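> Got a structure for you, written out below as structure tokens; questions coming shortly.
We did not get these values from a lab; they are worked out from the coordinates using the rules stated. The structure presented is a predicted model; accordingly, all values stated were derived computationally and were not measured. Cβ coordinates were reconstructed from backbone atoms using ideal geometry, including for glycine residues, and neighbour counts include every protein chain displayed.
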Amino acid sequence: MGIPEPSISADEMRAWAALFETSNIVQYAADRNLRDTVGLTLAQFEILLRIGEAGADGRRMTDIADALTVSRSGLTYQVGQLERKGLVLRQPAPDDDRSVIARITPTGLDLLRAGIPGYVDLVREMLFDRLSHADLMTVTEILDDVRRQLKEQPKRSTFRRARRSVAQTGADAGADATATATVAATVESAGVPAGE
């Protein structure tokens with residue numbers, strides 16, 4: 001039995017492959033860089049960036065999950081790892097006991113300051129330096145429009161997962177715990193205070 005014929009055109013397949021593979025290549029390189037320089041995965045660093053952007057006020061866990069398009073359980077696992085490293089603190093929200101606020105610690109802020117320059121340099125070298133400014137703006141406008149449309153759909157963090165067998169749960173645990181993030185969102189997030 002052969003592989004089923006795709007129901008998309010050659011142009012559509014080429015576009016999808018270019019987007020998917022480029023994203024994977026850059027994200028893999030960024031993950032390796034961050035593991036080597038600051039001891040965090042790309043997913044953890046992205047989460048720390050989002051928390052750091054909020055400053056002393058912190059950020060609701062549900063808002064982080066929605067911003068990064070990850071499940072609440074996956075985010076809870078990753079933030080737990082960051083908390084064990086002393087990079088964030090979690091506390092109940094003052095206005096809603098059901099909500100949890102994540103705040104960055106001074107150690108977490110120092111780690112962001114150490115990791116951001118190399119991360120941005122890598123993304124610039126692998127992606128931005130290979131595009132003209134006009135092409136960058138064209139790609140950004142197109143993907144911004146698609147992203148906006150997709151974000152109008154129900155947020156992933158609100159989905160309830162069907163019960164699974166123990167074998168399925170174990171097999172999927174690692175994948176569910178990994179936060180997905182885009183390179184463009186990360187570079188935008190580089191506005192975290194860089195220290196004096």
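> Give me Phe45, Phe128, Phe20 sorted ascending by neighbouring Cβ count inside 10 Å, so fewest comes first.
Phe20, Phe128, Phe45
> So, one more: From the phi angles alone, apply the Karplus equation (6.51, -1.76, 1.60; θ = phi - 60°) to the stretch 121-134 and give each ³J(HN,Hα) in whole Hz, x where the residue is Gly or Pro.
These are the phi-based 3J(HN,Hα) values: 4, 5, 5, 4, 5, 7, 10, 5, 5, 9, 10, 6, 4, 5 Hz.
> Sort Glu83, Glu152 by Cβ crowding within 10 Å, fewest neighbours at the top.
Taking fewest neighbouring Cβ atoms as first place, the list is Glu152, Glu83.
> Quick one: 3J(HN,Hα) in Hz for the stretch 140-154, Karplus 6.51/-1.76/1.60 with θ = phi - 60°, rounded, Gly and Pro as x.
Each residue of the stretch 140-154 in turn: 4, 5, 5, 5, 4, 5, 5, 4, 4, 5, 5, 6, 7, 7, x Hz.
> Enumerate the residues in the stretch 39-54 having an amide nitrogen under 12 Å from the point lying 7 Å beyond the Cα of Ala114 toward its Cβ.
Counting backbone N atoms under 12 Å from the label point, the list is 39-40.
> So, one more: Please work out the FRET efficiency for the pair Ala56 and Lys151, using the Cβ-Cβ distance as r and a Förster radius of 30 Å; give the result to the nearest 0.05.
Once rounded, the FRET efficiency stands at 0.65.
> Suppose each label sits 7 Å from its Cα in the direction of the beta carbon; what would the Ser132-Glu83 distance come out to in nanometres?
Distance between the two pseudo-spin positions: 5.1 nm.
> Let me ask you something else. Could you list which residues have their amide H under 5 Å from that of Ala93, counting only those 5 or more apart in sequence or on another chain, with H placed in the peptide plane?
Ser99, Val100, Ile101
> With the cut-off at 16 Å, report for the stretch 38-128 the share of all Cα pairs above it, as a whole percent.
Taking all Cα-Cα pairs of the stretch 38-128, the fraction more than 16 Å apart is 52 percent.
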